[in-house]
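The values are calculated or read from the model by the stated rules, or taken from the named source; none is laboratory data. In this text, all values refer to a predicted model and were calculated from it rather than measured experimentally. As a convention, Cβ positions derive from the backbone with ideal geometry for all residues, glycine included, and neighbour counts pool all protein chains shown.
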Amino acid sequence: MTSVLYDVPGPRAIVRNRVLGVITILVVIALVGFVLYRFWVTGQFTAEKWYAFTFTRIWEQFGLATLRTLAAFGVAAAGALILGFVLAIGRLSDHAWVRTPVMGITEVFRAIPVLILMILLYYGLPVIGIKMTSYWAVVIALIVYNGSVLAEVVRAGVESLPRGQGEAGYAIGLRKAGVMRLILLPQAIRAMMPVIIAQLVVTLKDTALGFIITYPELLYFAKLLGSNAPLGSPLIPAALVAGTIYVALCLALSYVAYIVEKRLRSSPKAVVVAGGEAGVGVGITEAAPTTATETIAAHRATSEHGRGSRHP
């Protein structure tokens, strides 16, 4: 018995897969247990190491550092999405004088590591007389890098659509901008939403690189607390707390992405248009998603049918 992509496993293969799954789980549990054991042996779970977390001030500073992380991520995510759409539209342009420079800019921005961009913006620009705060160095570097990556994601989503979608738009009189805005981009965004959200999660985690240029975000405060000798240098506890906050933020972002994707999939896709003198209905009630091209064509066909009925 086979499916479209692979052979369905038989009884022996099912047993083998289950055995391998159990072994994998046991290995992971053993590794986690070994790490926790080493933490215990080296005294990372002692009251002295966690003494700093009994102060309210410490948790307030963790909260402020988390807000700084979110502040950088929010602006960077919005800017990266805008830049990504602009570069993607430029990459899809019919004019070579637009398409070629945009392609070069996108490839260069994607090739430069985001940490190097931050260092150049924060330490390099003052050499030529331009000063920039650590916040804007982090934000601009994240926008440039992730925007170029998202541009390729959007471009791939548009080019993966059937060519008939765009041709149908041109056939009913739409121009290139209308075809892109009404037909191609909505479908491409819906199809590439998981990849877009995954890149935004990467953007959130990359804010941690800001501690290298002294941006006081979450990792920066965890490192500062971990090197505080009067509080017992709780480096591992501070890293565990910061890591837990990062995991919570990523899970929250993933949940938001799940809600957005669920709403996009459950949005109404049926269009019913009435036409004719005798109440003859022209409807589109397909179970599958109805594209914008079909909707526009249905409206035009209905209006022409109504004019033909009034003027035999």
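Numbers for the structure displayed
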| read-out | value |
| --- | --- |
| Test result for Val22, of a type outside the set (Phe, Trp, Tyr) and assigned by TED's automatic domain parsing to the domain that holds Ala252 | no |
| Listing of helices (runs of 4 or more DSSP H) fully contained in segment 8-113 that carry 3 or more residues being surrounded by 13 or more Cβ atoms within 10 Å (Cβ to Cβ) | 56-91, 96-111 |
| Scope segment 121-166; condition aromatic (Phe, Trp, Tyr) and crowded, with 22+ Cβ neighbours inside 10 Å; matching residues | Tyr122, Tyr145 |
| Among residues of segment 65-87, those that are under 22 Å from Leu219 (Cβ atoms) and in contact (Cβ under 8 Å) with a residue 12 or more places away in the chain, counted | 13 |
| Residues of segment 128-156 that turn out to be over 28 Å from Gln187 (Cβ atoms), assigned to a helix (DSSP H, G or I) and modelled with pLDDT under 90, as a count | 1 |
| Subset of segment 188-207 (residues that are farther than 15 Å from Glu152 by Cα and surrounded by 20 or more Cβ atoms within 10 Å (Cβ to Cβ)) | Thr203, Leu204, Asp206, Thr207 |
| Any pair with Cβ under 9 angstrom, 6 or more apart, that starts in segment 123-151 at a residue that is assigned by TED's automatic domain parsing to the domain that holds Ala65 and ends at one that is surrounded by fewer than 18 Cβ atoms within 10 Å (Cβ to Cβ) and among the hydroxyl-bearing types (Ser, Thr, Tyr) | Ser134/Thr214; Ala137/Tyr123 |
| All positions within segment 96-122 that are among the aromatic types (Phe, Trp, Tyr) and either outside the structural domain of Gly74 (by TED's automatic domain parsing) or in contact (Cβ under 8 Å) with a residue 40 or more places away in the chain (or both) | Tyr122 |
| In segment 51-100, the residues that are under 19 Å from Ser134 (Cα atoms) and of a type in the set (S, T, N, Q) | Gln61, Thr66, Thr69 |
| Leading residue by the ranking (surrounded by the fewest Cβ atoms within 10 Å (Cβ to Cβ)) among those in segment 221-265 that are aromatic (Phe, Trp, Tyr) and farther than 25 Å from Trp40 by Cα | Tyr255 |
| Criterion (of a type outside the set (Ser, Thr, Tyr), under 20 Å from Ile116 (Cα atoms) and touching a Gly at 6+ places or on another chain (Cβ under 8 Å)) met by exactly one of Val179, Val154, Val139 | Val139 |
| Segments classed as helices (runs of 4 or more DSSP H), wholly inside segment 167-279, with at least 1 members that are aromatic (Phe, Trp, Tyr) and either closer than 17 Å to Leu81 by Cα or at pLDDT 90 or above (or both) | 218-226, 235-266 |
| Residue, nearest to Leu209 (Cα to Cα), within segment 126-166, restricted to residues that are aromatic (Phe, Trp, Tyr) and over 17 Å from the mean Cα position of the chain (by Cα) | Tyr135 |
| Any chance Phe62 is within 28 Å of the chain's Cα centre (by Cα) and either over 30 Å from Val149 (Cα atoms) or modelled with pLDDT under 90 (or both) | yes |
